[in-house]
Each structure stands twice: as structure tokens, then as C-alpha cells.
Amino acid sequence: MALLIFDDNNIRELPTLERLEQCEKIIKMENDESKRWDAVWLAGEIAENKTEKDPEFNRVADLMAWILENDDNNVVKHEACYQIAARNMRKKIPDLIKSALYDKSGLTKHEAIESLGLMRATEAIDMIKEAMNDPNDDVRQTAVFVIKRLKRMQNTGEYKPSKII
């Protein structure tokens, strides 16, 4: 287990559902974005080695989508994008696309686009192309990079996340 994440409340030691409830509470109610970021990671770990057939996986995926829609910190949203990709939450591809194209933050847009690339979301290439006209240079560069990479990876198989850290 990645001990790089600060777990000052020993959330990892809780039973899975209680752990998820604690992460949700922190994410939705905590003012300190550094604590929310840690909770995003700790929630993401719950989905590791699970599939979308598992209700806990889907609850974590829904929480990540909630963050993209509601959190006011771009670093926290960046981490939610990463967790969606790392856990291959394919049902959340539309949420990543929405963030990639419409979020106010260049950081969030960049990570959403990069996450689509990591997930081999070749079905999103045409939508990612819209980001090539973004006013933020980093977003435009990420879009160009990811489109090139996705085109190279087309027909090479589905993305399978590997153990993180």
C-alpha cells in the first residue's frame, strides 16, 4: 500500500464502507484542500483491483465525478482525474471530456485530457480535438500529444491499469 499519502486519521484501517464514508465526508465537507487530496487518493485505493461490477468501485467512481463537478480546488480535481484513469473508470470518460473542454482550470483540463490518453479512450479523439483551440497553451499541447498517442495506440487492446507505486 502506498504510504506516501498522509493518513492522519488512520482511514486505511477502517472497514471498506466506513473508509469510503470517511473519505466522502472529508471530500465534501473539509475546507483544507490538502486533506481532500489525501481523501481522494485513499478513496481511489478502494477501487484498486475491483471492476465496475463491484458497487464500491462505482461509488468511488461517482465520488471522483462529483469532485470534478463540485470541488473548488484544481489540484484536488487533478487528482480525481488521475484516479479515474488509474482505476480505469471507463463510465467516467464523459466526465473527463466535460472537464477537458469546459473546466475553468488549465490544470484540470490538462489532467483530464492526459487521463483520457492513459485510458486509451480512442472514442474521445474527436472531442479532444476541440481542446486544440483552448486559450491555454498547456491544454493545447496536451491535446495534440494525446491525440497523436491515441492514434498510435488504436487497435492495440484495452487499457489495463497496473499497480500504482
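Answer yes or no as to whether Asp38 is in contact with a Phe, Trp or Tyr (Cβ under 7 Å, 6 or more places away or on another chain) and of a type outside the set (Ser, Thr, Tyr).
Yes: the conditions hold for Asp38.
Which residue pairs have Cβ atoms closer than 8 Å, lie 6 or more positions apart in sequence or on different chains, and pair a first residue in the range 130-148 that is aliphatic (A, V, I, L, M) with a second residue that is surrounded by 14 or more Cβ atoms within 10 Å (Cβ to Cβ) and not in a helix (DSSP H, G or I)?
Sorted first by the residue in the range 130-148, then by its partner, the pairs are Ala143/Asp134.
Determine whether the range 124-133 contains at least one residue that is within 21 Å of Val75 (Cβ to Cβ), at pLDDT 95 or above and not in a loop (DSSP other than H, G, I, E, B).
yes
I'm checking my understanding of the structure. Among residues of the range 148-165 that are more than 12 Å from Glu114 (Cβ to Cβ) and touching a helix residue (DSSP H, G or I) at 6+ places or on another chain (Cβ under 6 Å), which one is modelled with the lowest pLDDT?
Step by step, filter the range 148-165, then rank; the result is Ile164.
Quick one: how many residues across the range 60-92 are part of a helix (DSSP H, G or I) and farther than 18 Å from Phe145 by Cβ?
23
Let me spell it out: the conditions are (1) more than 17 Å from the chain's Cα centre (by Cα); (2) among the charged types (D, E, K, R); (3) not in a helix (DSSP H, G or I), and Lys25 meets all of them except one. Which number is the exception?
It fails just one condition, (3).
The values are calculated or read from the model by the stated rules, or taken from the named source; none is laboratory data. Predicted, not measured: the structure shown is a model, and the values here were computed from it. Don't worry about glycine lacking a Cβ; one is built from the backbone with ideal geometry, like all the others, and counts go over all protein chains shown.
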